[in-house]
Amino acid sequence: MSESNTGDAAEKSTGLSRHLTLPGAVSLAVTIVVGSGALVLPGVAYQHSGRSALWAWIISAAIVVPLLVIFARLGAAYPSAGGVAGFVQAAFGRRAAGGVELLLVGTFSFGLPAIALTGGHYMTGLFGLDGKFAWIGALCLMAVALGLNMLGIRLSARVQTVLAIVLTIGLLAAGLVGLLGGGAHVHLPDAHPSSLRAGLTSVGTVFFAFTGWEMLSFTAEEYRNPRRDFPRAVAVSFVVVTGVYLVLALGVQTQLSRSDSSLDGAPVQEMVSRVLGGVTGYAVAALGVLIIMANLVGALMGSSRLVMSSAREGLLPKPLSRISAPSGIPRTAVVVCFLTFSAVGVISGTGLVSLGGLLAVAGKNFYLIYLLSVVAYLRLFPKRWERIFGSVVLLVLLGVTVTFGIWQIVYAAVLFGAGTWLVHWRGSRRSRLAPTESPEVGAVADLGDTGEPIRTDAG
């Protein structure tokens with residue numbers, strides 16, 4: 001094989017194909033973001049905060065707007081398969097990025113099994129099975145997501161477009177049924193500071209429903225025109241997602257009481273059944289399964305890109321960075337993610353960890369990841385108005401984190417610290433071996449954050 005052919009093969013093994021256009025990106029964003037959050041969290045938040053829970057949805061939406069502005073600018077300026085970790089790497093270097101990568105892996109390991117288990121609950125409702133078998137349904141949905149990811153990117157994109165349309169129309173219809181169905185419960189929160197404070201306590205949990213755009217960032221390397229289309233995809237999908245959530249939350253609070261046993265399982269299905277009868281409840285269960293399947297396809301795609309990028313950068317084992325030709329898919333990373341998330345789902349299915357617990361931990365971790373994106377923005381965009389805007393957003397985010405439990409902060413800090421230490425340890429080990437061993441061709445250790453040789457003052 002000639003030298004030029006060898007170079008071409010190496011390029012194919014490390015680069016993702018650029019195939020995403022705006023319609024496909026918007027569809028992918030909607031199906032990634034809308035999932036278990038739409039199907040479960042209206043009930044979980046209502047159970048926790050009563051009718052004040054609506055404030056949690058409104059506050060979360062308000063918080064996420066400036067975050068998405070920041071996020072869209074970062075994604076357009078620094079598109080990579082590393083997503084948020086790529087933003088942090090551009091701002092603070094490889095060691096900090098390693099901490100974010102491990103934090104993201106730990107977050108996905110809770111968040112994706114929670115998504116799958118939510119789908120499993122809807123499957124048990126659809127087939128009239130006991131809820132204790134939800135983990136079996138979760139594994140089935142994960143297997144479908146694995147199959148679609150392995151078949152090819154273009155096929156997956158077409159499926160996501162169709163599913164985005166179906167789930168948006170279906171969920172809006174379900175929410176309107178609940179909202180206009182003549183429920184006896186008072187569903188609007190009081191316009192009083194105490195009601196606002198009660199809603200604020202559910203923001204950390206509800207925020208999980210507004211996560212997913214960070215997943216979209218892991219696909220930025222696959223956009224045909226990321227600078228133009230990434231911000232547009234974020235904006236359009238936000239409008240769609242927020243409208244769906246508010247209608248669903250109002251519908252659940254209208255039809256169900258705070259003590260209803262279905263609030264932490266399948267509240268949307270129960271809401272529609274109360275108004276239209278059991279047959280339509282089955283239709284909602286089928287819609288829920290479809291939504292979760294679409295959600296898992298996109299989430300597995302995003303998480304595998306993170307794992308592939310982290311392996312390419314040297315944190316995770318190098319075989320995970322391989323991209324299969326000619327499909328352009330990191331199939332090894334996809335399979336490893338599938339196996340990891342499935343194992344956590346099975347463990348949770350045994351009752352050791354509740355679905356609500358998985359959602360709460362993942363939601364708050366995602367919140368902290370957004371916070372790190374803002375910190376990176378402050379470093380990368382130095383204009384005065386950008387600094388003021390970013391500082392205000394950061395202060396607001398820090399204010400909400402005081403509602404998080406100490407163990408949540410400890411969990412995130414341990415993951416971040418372990419990632420930074422691992423990058424430092426691997427770098428030190430390579431330095432010790434350098435006098436006697438030749439570095440690998442293309443080794444990440446020889447490159448800086450942008451692919452250039454590391455400066456002596458890089459730390």
Item checked: Inter-centroid distance (Cα atoms) of the range 22-81 relative to the range 299-347, Å -> 24
Check: Long-range amide H contacts for I329: which residues qualify at under 5 Å (H placed 1.01 Å from N, peptide plane, sequence gap of 5 or more or a different chain)?
Finding: S324
Note to self: What distance in nm separates the two pseudo spin-label positions at I347 and I388, each 7 Å out from Cα along the beta-carbon direction?
What the structure shows: 4.8
Next item on the list: Calculate the tail of P(r) for the range 11-446: the fraction of all Cα-Cα distances greater than 33 Å, expressed in %.
Entry: 31
Checklist line | Kirkwood estimate for the range 23-78, i.e. one over the average of 1/r between Cα atoms, Å | finding: 13.1
Notebook entry, point to check: For labels at L339 and M150 in the simple 7 Å Cα→Cβ model, what's the distance in nm?
Noted result: 1.2
Item checked: Long-range tail of P(r) for the range 38-142 (Cα pairs > 20 Å, %) -> 62
Note to self: Please compute the length gained on full extension between S259 and L276, using 0.36 nm multiplied by the number of residues separating them and subtracting their Cα-Cα distance.
What the structure shows: 4.0 nm
Item checked: Proxy reagent accessibility, fewest Cβ within 10 Å first, across L358, L394 -> L394, L358
Next item on the list: Search the structure for amide H atoms under 5 Å from the amide H of V34, placed 1.01 Å from N in the peptide plane, and list their residues when 5 or more places away or on another chain.
Entry: none
Notebook entry, point to check: Put a dot 7 Å past each Cα toward the Cβ at K318 and L398; how far apart are the dots in nm?
Noted result: 4.2
Notebook entry, point to check: Cβ under 12 Å from L67's Cβ, L67 left aside: what net charge do those residues give with Lys, Arg +1 and Asp, Glu -1?
Noted result: 0
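Values quoted throughout were computed directly from the atomic coordinates according to the rules given, and no laboratory measurement underlies them. As the structure is a prediction and not an experimental result, all values here were calculated from the model. Every residue, glycine as well, gets a Cβ built from its backbone with ideal geometry; the counts of neighbours run over all protein chains shown.
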